[in-house]
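The structure under discussion appears below in the form of structure tokens.
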Amino acid sequence: MKRREFFATAFGLVGAGFYSRLAYAELDLPIRLAHLGAHEGRFTTGGLTLVSGYSVEGHHLVGQAVVELISRYVPGAKRSVLTVVARSADTLRLLRERRTDTPYGQFTVDLVLVEGDEAYAALQGENASGSQDSGELRLLMVLPPQFLHIVTLRESPIGNIEELKGKRLSVGPPRSRSEKVTLRLLEALDPSVGTSLQREPLGLSESMWALAEKKIDALAWHGPISPPLFAHLAGLLGIRLNLLSHEEGIPKLRAKYGPAYYAAMLPQGTYPWIEKDVRVVGTQNFLISRLDLPVQLAYDIVKTLSSHRNDVAGGDHRLSDISAGPEIPTLFPVHPGALRFRDEAQNNG
């Protein structure tokens with residue numbers, strides 16, 4: 001298949017609604033910035049503002065799904081909106097400050113969506129400076145996890161991540177989550193592996209094309225479990241894939257960068273081309289509010305999102321259990337409204 005035909009076909013499958021919401025970002029399509037100013041002209045009562053950091057892989061699109069569910073199902077929050085900021089590290093600060101300024105005016109901040117490693121780093125920095133701690137911030141919900149995929153061709157002689165030394169690896173676009181987590185893992189495992197790499201800054205679809213053309217030896221991508229996405233991209237290119245385990249690097253990654261990273265097991269069959277259990281780096285996404293969010297409102301939000309987990313997962317719902325990643329620290333006290341929902345769910349279960 002020619003390059004132009006490949007990308008045109010991938011775009012057509014998304015346009016036909018074949019992929020999840022996150023596929024727009026995963027396939028390197030221009031819809032990424034569609035709602036960066038989503039709050040414009042909507043400074044009215046009757047809604048909440050959720051702030052999320054931007055990522056090339058589309059982490060902020062999970063925030064859009066959360067806002068749409070809240071607007072549809074939560075009484076008193078029918079006009080909720082998403083605002084995307086450049087850095088996830090800023091989200092907790094904005095939540096504490098309760099409001100921020102934009103080119104469109106000033107708006108309140110009620111909720112934030114933040115990756116576990118970003119939240120951990122922010123809290124560690126604040127504790128070190130003695131400025132703040134988790135304080136009035138409260139956990140509403142742990143949203144579906146994302147995983148680091150390091151993928152080679154099935155026939156590749158590369159059997160583990162240490163054998164990437166000196167190889168050509170697509171680490172993801174500059175400043176992407178894929179790049180950050182991959183380079184952290186390799187640095188923690190063996191700095192000589194990371195420094196010896198021939199790095200390519202490619203998105204997922206570009207990486208798959210380069211892998212098929214053998215212009216790279218492997219690709220790294222941080223995102224949800226997405227069997228249809230990989231199956232159809234590989235099918236278009238006529239290639240067979242292999243997922244590398246990186247279990248040996250995870251303890252060192254946690255020791256260097258904190259416990260927000262955890263060892264996630266992807267069982268055999270998670271993808272049709274996985275023939276054995278594979279352990280990879282996992283990260284969680286946290287939905288955070290302040291303690292002053294009304295208990296009933298917090299309860300309604302958690303109940304809504306728990307009832308529509310598949311709409312938030314961005315990948316394979318079967319592998320989006322919030323119990324995944326038992327090694328992750330809580331980081332934030334749980335909001336009383338979320339505790340109420342959890343207690344009711346346990347009593348009814």
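Select from segment 213-257 the residues that are more than 20 Å from E162 (Cα to Cα), touching a residue at least 40 places away in the same chain (Cβ under 8 Å), of a type outside the set (K, R) and surrounded by fewer than 20 Cβ atoms within 10 Å (Cβ to Cβ) and list them in ascending order.
Of everything in segment 213-257, those that are more than 20 Å from E162 (Cα to Cα), touching a residue at least 40 places away in the same chain (Cβ under 8 Å), of a type outside the set (K, R) and surrounded by fewer than 20 Cβ atoms within 10 Å (Cβ to Cβ) turn out to be P227, P228, A231, H232, L236, L237, G238, I239.
Would you please name the residue that is nearest to V109 (Cα to Cα), looking only at residues in segment 291-310 that are open to solvent by less than 20 Å² (accessible area, probe 1.4 Å) and in contact with a strand residue (DSSP E or B) (Cβ under 8 Å, 6 or more places away or on another chain)? Looking at residues that are open to solvent by less than 20 Å² (accessible area, probe 1.4 Å) and in contact with a strand residue (DSSP E or B) (Cβ under 8 Å, 6 or more places away or on another chain), I get L293.
Looking at the structure I just gave you, is D311 at pLDDT below 85, charged (D, E, K, R) and assigned to a loop (DSSP other than H, G, I, E, B)? Against the criterion (at pLDDT below 85, charged (D, E, K, R) and assigned to a loop (DSSP other than H, G, I, E, B)), D311 does not qualify.
The values are calculated or read from the model by the stated rules, or taken from the named source; none is laboratory data. Bear in mind the structure is a predicted one, so any value in this text is a computation, not a measurement. Neighbour counts are summed over all protein chains in view; Cβ atoms, including those assigned to glycine, are modelled from backbone coordinates with ideal geometry. Areas reflect the complete protein model, heavy atoms only, side chains present, ligands, DNA and RNA absent. Shrake-Rupley method; radii C 1.70, N 1.55, O 1.52, S 1.80 Å.
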